[in-house]
Amino acid sequence: MTISDKISILPDILINKIAAGEVVDRPFSVVKELVENSIDASADEISVTLKDGGKTYIEITDNGIGMTEDDLLLSFERHATSKIKNYDDLVSIETMGFRGEALPSIASVSIVEAASKKKDSSEGSLVVIKGGVIEGVQPTPLRQSTVIKVKSLFFNVPARRKFLKDATQEYRHIYTYFKKLALSHPELNLKLIHNEKVIFDLRKEEIKNRISSVLNEVNKESLIEVSNSIGQYKLSGFIGKKELARKGKDNQYLFINGRIVEDKLISYTVFQTFKNMIEHGYYPFYILFIDLPFSEIDVNVHPAKLTVKFTDELRVKKLIQEGVGRVLRESLSIYDLGINENDEVDQEINSASDENSEFFQNTPNAYVKPKENNSVTAESIDKYKTKNEQDFFRPQTLGTKILNIRNEVIVSENIWQMHNKYIFIQVESGVLVIDQHVAHERILYEKAIKAFSKETLPSQALLFPVNIDLSFEDRLILKEISEYMKGLGFVLREFGGNSFIIEETPLGIEVGDEKREVLDLIDNFKLYRKKKMGVIESVAASYSCKRAIKSGQSLTQDEMIDLINDLFQCEFPHVCPHGRPIIIDLSLKELDKRFMRI
C-alpha cells in the first residue's frame with residue numbers, strides 16, 4: 001500500500017464502515033445499541049428476537065415515543081441525534097446514547113428494515129437500507145411504536161464476518177447483556193426470543209423479585225440489602241452471602257444511573273471491604289446501583305460506553321466502603337463464613353496443624369463408601385483404615401520410611417516441612433525444596449488426564465442426590481465438560497431448564513460440599529480456557545487446582561512421603577500444569593559459594 005500525495009475526504013459509506021468498527025463488532029453490540037435507543041425513547045416494553053445468535057437476524061421492538069418518517073430517515077444520518085443540543089448537554093448526559101452513530105454504523109454493514117410511528121398514529125413508515133444505501137421508503141401498518149430488523153450482519157465486510165464466533169458463543173454475549181439489562185431496569189417489561197424459543201418474558205417487578213426471575217441460581221435468602229448516601233451520591237442493591245461467592249467475577253453487577261458499567265475501582269473496593277471475610281481466591285456476589293448527578297460522571301470515555309469516569313472517585317469509594325462495610329458488620333450472624341473475623345490466617349493454620357490432617361480426605365486416594373468399580377482394587381485400599389464411624393479411610397502409621405530419589409536412599413528423618421508450605425528433602429548433593437500445593441496439582445492433573453482415556457477415578461454415589469441451579473452460561477459449560485467430569489467421578493443429569501442433579505461425586509467430597517465443588521470446577525475451567533488451554537487440559541487443571549492440598553496445610557511425615565513418592569511417579573514432576581516450578585534444587589556447591597566457602 002502506498003500513501004497518496006493528495007488528501008481527500010472519504011465517502012460517507014466508507015466513513016460509516018470505519019465508525020462501525022468502533023460501535024459494532026458483533027451481534028451483541030447491535031442489540032445493546034438498539035435496546036438503549038428504545039430505553040431513551042421512553043419505552044417500558046422491549047422485545048429482542050434473534051436467530052443464530054444474532055448473526056443472521058436481530059429484531060428489536062418497543063413501545064416508545066416513535067418517529068415520524070422524516071425523523072426515521074434522519075436517524076440513519078451520522079451524528080444525527082435528539083439527545084444533545086449543545087456542549088452543556090454533552091457534559092451532563094442523561095440518556096443511554098447520544099452520539100448518533102449507532103444506526104448509520106449498523107446500517108452500513110447489514111440489511112436493515114426500520115419501521116416507526118408516533119404513539120398516537122395507526123400507520124408508520126418503513127425504510128429499507130442495504131449496506132448503508134437507502135433502497136426504499138413506504139407507509140406501513142404498525143402495532144408497536146418502532147420495529148428495527150437487522151439481517152445478515154457484516155454481509156458486505158467478509159473480513160469482519162469471519163471473526164465472528166459460532167452462533168452459541170455470539171448468543172452467550174447477548175444473553176449475558178440481557179441479564180444485566182433486566183437487572184438494571186426492573187421497571188421494564190422485557191422479552192428475549194432465540195431461534196423461536198422464549199428465553200425470558202419478564203414483567204416489571206421489584207428488584208429482589210427481578211433478581212430471582214433472572215438469576216435462577218440465586219436464592220433470595222442469600223441476599224443482604226445494601227444502602228448508603230453521601231450528599232447526592234446514593235448506593236442501593238444487594239451483596240451475597242458465602243454460598244454465592246465464586247472464583248470469577250461473573251457474579252458481580254454494577255449499574256450507574258441505570259447504565260451497565262464495569263469499573264475496577266468499585267470492584268476492588270467491594271473486594272477489599274470483604275477482606276478477611278471471604279475465602280482466598282473467591283469474589284463476592286453483588287448487585288449494586290449507584291445514582292449521582294449526571295454532571296459528576298463522564299460516560300464518553302469508551303466507544304461502547306462500558307466504563308465511566310468519576311469526578312470524585314474518593315466519594316464513590318467511601319460510599320461503597322460505608323454501605324457494604326456496615327451491612328457486613330451488622331449481618332455477621334447471617335453472613336456466616338465459618339471463620340474468625342479477626343484472625344483468619346491463624347485459624348486456618350491451627351486447623352491444618354491438627355494431628356488428623358485433612359490432606360487425605362481431600363484427595364482421590366481417600367476413599368469414601370467406594371462403589372463397585374474396576375479401578376478400585378483391594379490392594380489400593382489396603383493401606384487405609386476406618387476412623388470412628390465416618391466411613392472414610394486414613395493412612396496407617398508406618399514408622400520410618402525409605403525413598404529412592406536419583407538412585408539415592410532417603411530416610412524419612414531427612415524430610416521436613418517449612419511454614420506448612422514447602423517440603424525439604426536432604427540429599428547428598430544438597431537439598432530439594434518442593435512446593436506442596438503445585439506438587440499435588442501435578443499429581444492430580446496427570447491422574448485426571450489418564451482418567452479421561454482409561455478408567456475413571458473412583459466415585460461415591462450420593463444417598464440423597466443434590467439439585468444445583470446454574471446460570472445459562474454455566475449450564476453450557478457444564479454440558480461441554482460433563483463427559484470429562486464423569487472421568488473424574490462426577491455424575492450429573494439434566495433436570496430441566498438450567499438445573500442439574502448431582503448423583504455421584506469423587507471420593508473425599510464431604511456431604512454439603514457437592515454444589516461448591518461443581519461451581520468451583522466450572523469457575524476454574526473458565527479461567528484456564530481464557531489461557532487458551534484445550535478442553536481436556538482445562539478440565540484436568542480445574543480439577544487439580546481445586547482438589548490439591550493448600551499452602552498452610554500441615555502434613556504428617558507419612559503424608560509428605562506419600563506425596564513425594566506420587567510426585568516422582570509423574571511424567572513431568574518438575575513443573576505444574578500452569579508452568580510453575582515444583583522443585584528447586586539447592587546444591588551444596590551453591591550454598592558454599594553463598595557463604596564464601598569456595
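The values are calculated or read from the model by the stated rules, or taken from the named source; none is laboratory data. Values in this document were obtained by computation on a predicted structure and should not be read as measured data. Here the Cβ positions follow ideal geometry from the backbone for every residue, glycine too, while neighbour counts run over all protein chains shown.
Data table
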{"quantity": "Which listed residue is modelled with pLDDT of 90 or more, in the same structural domain as Leu432 (by TED's automatic domain parsing) and not in a loop (DSSP other than H, G, I, E, B), from Leu555, Leu563", "calculated": "Leu563"}
{"quantity": "Filter result for the condition that a residue is out of contact with any Pro (no Cβ under 9 Å at 6 or more places or on another chain) and either farther than 22 Å from Leu190 by Cβ or modelled with pLDDT under 95 (or both), over Ser42, Ser47", "calculated": "Ser42"}
{"quantity": "Residue in the range 182-193 that is of a type in the set (S, T, N, Q) and touching a helix residue (DSSP H, G or I) at 6+ places or on another chain (Cβ under 7 Å) present", "calculated": "no"}
{"quantity": "Strands (runs of 3 or more DSSP E) contained entirely in the range 212-298, each with at least 1 residues that are among the aromatic types (Phe, Trp, Tyr)", "calculated": "233-240, 252-256, 286-291"}
{"quantity": "Where a residue in the range 452-465 is assigned by TED's automatic domain parsing to the domain that holds Ile509 and its partner, wherever it lies, is buried (at least 19 other Cβ atoms within 10 Å of the Cβ) and among the small types (Gly, Ala, Ser), with Cβ under 7 Å and at least six apart", "calculated": "Phe452/Gly487; Thr456/Gly487; Thr456/Gly489; Leu457/Ala451; Leu457/Gly487; Leu457/Gly489; Pro458/Gly489; Ser459/Gly489"}
{"quantity": "Test: residue in the range 75-87 that is modelled with pLDDT under 90 and touching a strand residue (DSSP E or B) at 6+ places or on another chain (Cβ under 9 Å)", "calculated": "yes"}
{"quantity": "Residue match in the range 184-205 (condition: more than 30 Å from Thr49 (Cα to Cα) and either touching an Asp or Glu at 6+ places or on another chain (Cβ under 6 Å) or surrounded by fewer than 20 Cβ atoms within 10 Å (Cβ to Cβ) (or both))", "calculated": "no"}
{"quantity": "Residues satisfying the stated conditions in the range 455-513, i.e. touching a strand residue (DSSP E or B) at 6+ places or on another chain (Cβ under 9 Å), under 17 Å from Ser542 (Cα atoms) and of a type in the set (Gly, Ala, Ser)", "calculated": "Ser482, Gly489, Gly508"}
{"quantity": "Residue count for the range 97-112, restricted to those that are in a loop (DSSP other than H, G, I, E, B) and either buried (at least 24 other Cβ atoms within 10 Å of the Cβ) or modelled with pLDDT of 95 or more (or both)", "calculated": "2"}
{"quantity": "Of all residues in the range 570-598 being in the same structural domain as Lys421 (by TED's automatic domain parsing) and free of Cβ contacts under 8 Å to residues at least 12 places away in the same chain, the one that is surrounded by the most Cβ atoms within 10 Å (Cβ to Cβ)", "calculated": "His574"}
